[in-house]
Structures are given as C-alpha cells and as structure tokens.
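Notes follow once the structure below has been shown.
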Amino acid sequence: MHLTSEEERALSGEQGRGRQKAMELLTALGDIFGAERLISIGSAQVSGASFKTIGEAGIRWLEEMSSDARTSVPAMVNPLGLDVRRWRSMGVGEEFHTRQMRIVKAYGAMGLEPVYSCTPYLAGRRPRRGQHVAWAESSATVFANSVVGARTNREGGPSALAAAIVGKTPEYGLHLEENRQPKVAIELRSVDSEMTPLAGFLAGRIAGNRIPMITGRRLSADEHKAFGAAMAATGAVSMYVPDPDGKRDRRQEQEIEERVTLGPDDVIRCSEDLRGADDWDLVAVGCPHCSSRELRSMASRLRRRRPSGDQDVWFCTSRRAFALCPDAIKVLRRFGKVLCDTCMVVSPIEELYGATATNSGKAMVYLPTLGHQRTSFLTTSELLEAISRK
Ligand code: F3S
C-alpha cells in the first residue's frame, strides 16, 4: 500500500505510540484486502463498547490506547452495557458498572463523543452523500451505505477506532464503486410496515454476501432502519440498493443474477416461525435505537391506556431522541423503562431475564446467542397491546 510521508512518520512512531498502533492496524488491513492507499474519512463510529462484549482484555487495550492516542475526526461510540444515568434501575450490578465506566473513560480520553448509539445518523452525525466514513455497527453501516449514500465497510471495533485516530481508512470494499453493484433483486410486494423487520430478516438470508436491490416498496426512514438492521444480521452484507420506482440503470440491471419476490405470505410464515412461547418476562423495543418519531408514535397509542403490568418493558433509544420528545417519554415511562446509551443485546440481559419479546428482526438473531434469551417476534402493535389495557 502506498503511504504518504506523513503516514510513514505516523507508522514509524514519530507521532506517538497510539497513533503508530492505529497505523499498523490500518496498513495490515489494507495489505490483506489489497488497498492501494488510505483515504480520508468524515467520521468514525466505534463498536465494542459494552463490558459484556469486550471483557477485561478489551478494557486493558482501550486503556493502553488512551494513554496517548487522540481522535482526529468526529467519532461516536456504539451502545454500552448500561444506561449511564439509570443503570441501577435496570438492575445492573456495581461490578459491571465499574468496569463499564472504565471503558467510557478510555473512549472519552481519546476524544470520542459520548454518543452511545447505533443510530448516529439520527444523532446529528449524518454523513454527506458520497462521503467516506469508517463505521462499525452493522445496522448503522447498512443505513449509511444504502439510505444516506455514504461509503463505509463494516468495520470491526479496533479498525474503526484506528480510523478515528488516523482520520483515514484503507480504500477497499464498499469504498470502491465497482464493489457497490447489486447482484440480486428482491421485490417487496404488499409487505406491511410492521413486517419490514421480517422482510429484512428474509432478505438477508436470500442475499447472503451479495448486495441486493430492493424494489416494489418505498420505505420510510424508520422502516429502512429496521429492515437494514435485520438484513445485516441474517446476511453478510452491509448495503442494499433501494429502487422503489424501478429506475435502475442498465449497468446495474446487467449485473442482476437472481430475482426473488417477498410477499405477505412469506413474512407471515416467518413471523409464525419466530413466534415463541408467550412466557416472556421482558418486552424490548428499540433495536436499532428508537427514533423520536417512533417514541412519539408509541406514546400516542398508549396515552389513553394503562399498563398491563404483566412483564417488564424496555424502550431503548439514543439520548438525542430521548431529549427531543419529553412528553412521549413521560407516557412511555408509565409502561416501562426508557433506556439510553444501551440496548437489550449488549446489556447483561441474561442476568435479569430469561425470555424476551421484541419487534426487531436483528434482536431475534442476537438475543438467543449474546443474550441467552428465549425469544418471540411480535409486531409493534402486538407488543403495545400486550403491555397495556384499556
Ligand atoms: Fe443497536 Fe443493540 Fe440493536 S446496538 S442495532 S439496539 S443490537
């Protein structure tokens, strides 16, 4: 990989050990993937922020990096294992909290913004169309590539942090136009809005590691958020090409090697398959983090109802969305906990609950493994019905 003289100096350690380590990581990645150079990025988003996912070894690595490494572009962090302000009410223990706060401190010392969310594009950090970024969270990556039109690979936590420090990333994969062409066309035919997480769940399985073109339906921003997150969880792909009006250009058309239609029967069958036993002790909404629009919509549907009290409820969101709708938060708090900075997957949920119902296609993939939960998929309407009474 060709390096500029400044990059060579960083690699030699002239600009500090932290920056040197970051350069070593980026150049190794670049060599593995055949990148010719490093390119500047507009922002970074770093995963590996919960003590549950990175453990003591991860903390020590971050603390070592934080002794002299500093970010050189705006950089945000993925959700933590707890709500920084309401961790006690979540039921998280003192020891977990102490370790989690060492992670927060290390990221803070390196200059990362205290935005602990998987929806940085809703938290004031939306990239420009065509801009290169280095984001790690899979659901954010797929949104950035597919909806915003920015360019990012699905970074690992360490490579996103290295990119944040250097302000650059190796130019390979989805940074290059030739690797952003769809290979499979998936038509969403009459798929109901509440079923878009399941459409994404199925689309990821169909796509595998191919970029799909999504036709037949124009998705709202919140539908994209749920669809892309589920697709990235069941498939090994960080991008799709929305084409609701069939305006694909001839080049893209020629590259399509398979066409598949997903209709109401497919998503209903999937929802039946993912409907577990009705014995959940937690209802968890907000994977990816709820937008302020979603919080308001749920609150308006619950406003005249009272809590069923049959199970605990978590509404997971970003601190920014939380701040945007105080009235909605007041309503939702009658029914459960509104949590920021964290989520049902990266928190120590397994120490608190055994079975979770969710409206998230992505959480249906990770809750059984990372969270050791028995899971049930229910639509948002079904969940709101279950947690409330007239
Ligand atoms: Fe976000 Fe946690 Fe889901 S990080 S996408 S809410 S698994």
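Quick check on the chain: helices-only [θ] at 222 nm, where DSSP H runs of length 4 and up contribute -39,500 (n - 2.57) each and the sum goes over total residues. Nearest 500, please.
Details: 16 runs with 157 residues, N = 390.
Calculated mean residue ellipticity at 222 nm is -11500 deg cm²/dmol.
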(request) Could you give the size of the charge dipole of region 275-389 about its Cα centre, using +1 on the Cβ of each K and R and -1 on the Cβ of each D and E, expressed in debye and rounded to the nearest 20? (result) 740
(message) With +1 assigned to the C-beta of every Lys and Arg and -1 to the C-beta of every Asp and Glu, and no other charges, what is the dipole magnitude of region 212-252 about the Cα centre in debye, to the nearest 20?
(response) 180
(message) If you average the alpha carbon positions of region 273-320 and of region 79-139, how far apart do those two centres end up, in angstrom?
(response) 21
(request) Stick to Cα atoms and the Kirkwood definition of Rh, then tell me Rg/Rh for the chain. (result) 0.98
(request) Enter the Cα centre distance for the pair region 327-390 and region 149-173, rounded to the nearest angstrom. (result) 31
(message) Can you tell me what percent of all Cα-Cα pairs in region 90-204 are more than 21 Å apart?
(response) 51
(request) Within region 59-131, list the trypsin sites (Lys or Arg not before Pro) lying in a DSSP loop whose Cβ has at most 11 other Cβ atoms in a 10 Å radius. (result) 85, 128, 129
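Restricting to bridges with both residues inside the chain, how much of the DSSP beta-bridge set is antiparallel, in percent to the nearest 5? List each step's numbers first, then the result.
Working: 5 of 41 bridges.
Percent antiparallel among DSSP bridges in the chain is about 10.
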(message) Could you list 287, 270 so that the one with the fewest beta carbons within 10 Å of its beta carbon is first and the one with the most is last?
(response) 270, 287
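If you build the convex hull over the alpha carbons only and average its shadow over all orientations, what do you get for region 181-272? Give it in nm² to one decimal. The partial results should precede the final answer.
On the way: hull surface 20.7 nm².
Mean shadow area of the hull around the Cα atoms is 5.2 nm².
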(message) Give me the base-10 log of I(q)/I(0) for region 275-389 at each q in 0.12, 0.15, 0.17, 0.24 Å⁻¹, Debye formula, one uniform scatterer per Cα, rounded to two decimals.
(response) -0.36, -0.57, -0.74, -1.45
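Multiply the residue separation of residue 333 and residue 177 by 0.36 nm, subtract the distance between their alpha-carbon atoms, and state the gained length in nm to one decimal.
Values: separation 156, 0.36 × 156 = 56.16 nm, distance 4.57 nm.
Contour length minus the Cα-Cα distance gives 51.6 nm.
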(message) Cut-off under 23 Å on the C-alpha distance; same-chain residues fewer than 8 positions from residue 52 excluded. Which lysines are left, in chain and number order?
(response) 105, 337, 362
(message) Report, to one decimal in Å, the Kirkwood hydrodynamic radius for region 5-177 based on all distinct Cα pairs.
(response) 16.2
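How about region 304-390: which chymotrypsin sites (Phe, Trp or Tyr not before Pro) there are in a DSSP loop, with at most 13 other Cβ atoms within 10 Å of their Cβ? List each step's numbers first, then the result.
Values: sites: 314, 315, 322, 335, 353, 366, 377; in loops: 335, 353.
Counting only loop positions with at most 13 other Cβ atoms within 10 Å, none of the chymotrypsin sites (Phe, Trp or Tyr not before Pro) in region 304-390 qualifies.
For region 1-78, which chymotrypsin sites (Phe, Trp or Tyr not before Pro) pass both filters: DSSP loop (anything but H, G, I, E, B) and at most 15 other C-beta atoms within 10 Å? The partial results should precede the final answer.
Values: sites: 33, 51, 61; in loops: 33.
The qualifying sites are 33.
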(request) State the volume of the convex hull built on the alpha-carbon positions of region 244-332, expressed per residue in Å³ and rounded to an integer. (result) 187
(request) May I ask you to derive the FRET efficiency for residue 95 and residue 278 from their Cβ-Cβ distance with R0 = 30 Å, giving the value to the nearest 0.05? (result) 0.35
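The numbers here are math on the coordinates, done by the rules we state, and not lab data. Note that this is a predicted model, so its numbers are computed, not measured. No Cβ is skipped: glycine too gets one built from the backbone with ideal geometry, and neighbour counts run over all protein chains shown.
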